[in-house]
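Each reported figure results from applying straightforward, stated rules to the coordinates on display, with no laboratory input. For clarity, every value in this text was computed on a predicted model and none was experimentally measured. Quick reminder, even Gly has a Cβ in these numbers, built from the backbone with ideal geometry, and neighbours come from all protein chains shown.
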Amino acid sequence: MKQFSDPNGLAFTASTGESAALFAKLTSSYMGFRRTTGEVLGQILDADPDMPMARCAKGYFAKLMGSSNHSAHALEISRDLDAHLPKVGATDRERQHAAALSAWTHGDMEKATAIWEEILLDEPMDGLALRLSHFTHFYSGDGRRMRDALARILPLWSEDHPDYGFLLGMYAFGLEESREYARAEEYGRKAVELNPADAWSVHSVAHVLEMTGRQEEGIDWVKGLEADWSTVNNFRFHLHWHRCLYHLERGEFDEVLALYDAQIVSDISSDFYLDICNASSLLWRLEMFGVDVGDRWSELASVARTHVADTDLIFVSLHYLMALVAAGDKDAADEMISNIRNWSQLNETQAGICARVGLTLAEGLRDARAGDHAGAMAKIGSVRYLMDEIGGSAAQRDVFHMILLDATVASGNALKARSLFAERVGEKVHSSWSWHGYSNALAALGEDAGARAAAARAAAIRSLT
Ligand SMILES: [Fe+2]
């Protein structure tokens, strides 16, 4: 095999220059969540089955599925790649990618991330390393690392590069998760102007609108661009999920249930981890808003039962567990918690997060559904300030904060409920759920005037519809 340069100037070991050019297309496709990403990779592998980066990308994509059956496949690919590299020769960058895949498939997400960051020092045009590190920073729950990783790269790319908008959107998301909402919105909107089908960038702005309580604008934003972003892979369901969050706060529950049925779970059988995260989180939220969700949990529990032994991302496992405890499948839930306990003993990045936060949170979810509200309050409360570590976005993790408040109210601890809701309305001044909860907490303590004022705030937010 020889070395060929792609249009970004990156060297690839391949049989033909065409493979290197196609790999650049693959990277763009992946950054854009395009449905053709798998096809492009297949095309490269058919024509050039020994190309190291094509094999590595196959391993990466398997790992990105976020569940243990796919991870086992990624591990096999990684082992084959390690054996294959000495036979074909490879560039330093390709060897680093193979090492990152190996680290990741062995549970060392931090090492994998460090390798991608190292690659980017020399090769800032490596969009694959950049997007993958964005993903793993995301699942380390550290917005500042997401933000800074892009800040380092942005000045090194030409603004005319066709993928430049993807970088702006990633930067926007890092800014948003670092609570820099104004700058996040600016970068996100700029990215969407360049490419309205860039779902991740549309999503970065959706997050800003969520975190700043601009529900009406949020609905208009997501709906208005739907024709563009709905062309992407299953990530599109996450944008529907965001739209549901705005509707929830406005009390538009029929709309939420309709979107849940028509979109959120429409491809749940494909077993993509984000679909279950969207679905579990939304059903639990609906219930906390007082909505009867019928037998919708049972479908999610059937999917979750096939993931009780997963040891990939604790954030995802917690969402499978939510479905099991909510559907009342005690045996599967206990088995899963026992597996998370074993997982927390391993020497892996996510295992450490399980040990510090994930296991306690899992037990808190079980207690919340088993009627042990004081237990749920104590457990979830003990890790509330460590919760970022489980990864995902602040908006996604918020469901666990809401469950803590819900359990506190159910436990009958009115003073604690008042203090937690006071904090929440301080932060989420545009949230009807929060004002409603605060009102109830004050009423429970006989503080009627305050309760009426808080109830009026909740009603005002809903009546804006
Ligand atoms: Fe999101």
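For the range 240-291 and the range 132-150, write down the distance between their C-alpha centroids in whole Å. Going from one Cα centre to the other spans 26 Å.
Would you list 34, 356, 147 from fewest to most Cβ contacts within 10 Å?
Working: 34 19, 356 15, 147 23.
Least to most surrounded, the residues fall as 356, 34, 147.
Simple point charges give the picture: +1 on the Cβ of Lys and Arg, -1 on the Cβ of Asp and Glu, and for the range 322-452 a dipole about the Cα centre of about 280 debye. Here the Karplus relation 6.51 cos²θ - 1.76 cosθ + 1.60, evaluated at θ = phi - 60°, turns the backbone of the range 301-311 into coupling constants of 5, 4, 5, 4, 4, 8, 10, 5, 9, 4, 9 Hz, with x for every Gly and Pro. Distances between every pair of Cα atoms in the chain, grouped in 20 Å steps from 0 to the bin holding the largest one, split as 24, 56, 18, 2 percent. The length gained by stretching the chain between residue 262 and residue 429 to full extension, at 0.36 nm per residue less their Cα-Cα distance, is 57.0 nm. Its convex hull of Cα atoms gives the range 141-231 a direction-averaged projected area, equal to a quarter of the hull surface, of 5.6 nm². Computed over the alpha-carbon atoms, the range 1-156 gives an Rg to Rh ratio of 0.93, Rh here being the Kirkwood radius from the mean inverse distance.
Under the classification rounded if a/c is under 1.5, otherwise prolate if a/b is larger than b/c and oblate if not, where does the range 267-411 fall, given a ≥ b ≥ c as square roots of the Cα gyration tensor eigenvalues? Walk me through the intermediate numbers first.
On the way: a/c = 1.41, a/b = 1.07, b/c = 1.33.
Verdict is rounded for the range 267-411.
Model label points for residue 111 and residue 287, set 7 angstrom from Cα along the Cα-to-Cβ axis, are 4.0 nm apart.
So which of 63/190; 2/25; 87/111; 63/87 end up more than 23 Å apart by C-alpha?
On the way: 63/190 31 Å; 2/25 20 Å; 87/111 25 Å; 63/87 25 Å.
Violating the 23 Å limit, Cα to Cα: 63/190; 87/111; 63/87.
Using a 10 Å cut-off around each Cβ, can you sort 387, 288, 51 from fewest to most neighbouring Cβ atoms? Numbers along the way, then the final one.
Numbers: 387 20, 288 17, 51 25.
Going from sparsest to densest Cβ surroundings: 288, 387, 51.
Summarising the overall dimensions of the range 189-308 from its C-alpha atoms, the Rg and Dmax are 14.3, 43 angstrom.
How much length, in nm to one decimal, is gained on full extension between residue 47 and residue 156, taken as 0.36 nm per residue of separation minus their Cα-Cα distance?
Values: separation 109, 0.36 × 109 = 39.24 nm, distance 3.22 nm.
My answer for the length gained is 36.0 nm.
Would you list 236, 144 from fewest to most Cβ contacts within 10 Å? Intermediate values should be presented prior to the final figure.
Working: 236 20, 144 14.
With the fewest neighbours first, 236, 144 line up as 144, 236.
Kirkwood hydrodynamic radius of the range 412-463, from the reciprocal of the average inverse Cα-Cα distance over all distinct pairs: 10.4 Å. If R0 equals 51 Å, the separation of the Cβ atoms of residue 448 and residue 69 corresponds to a calculated FRET efficiency of about 0.35. Each label point was placed 7 Å from the Cα along the Cα-to-Cβ direction; for residue 217 and residue 92 their separation is 4.6 nm. Computed from the Cβ-Cβ distance with R0 of 25 Å, the FRET efficiency linking residue 269 to residue 228 stands at 0.45.
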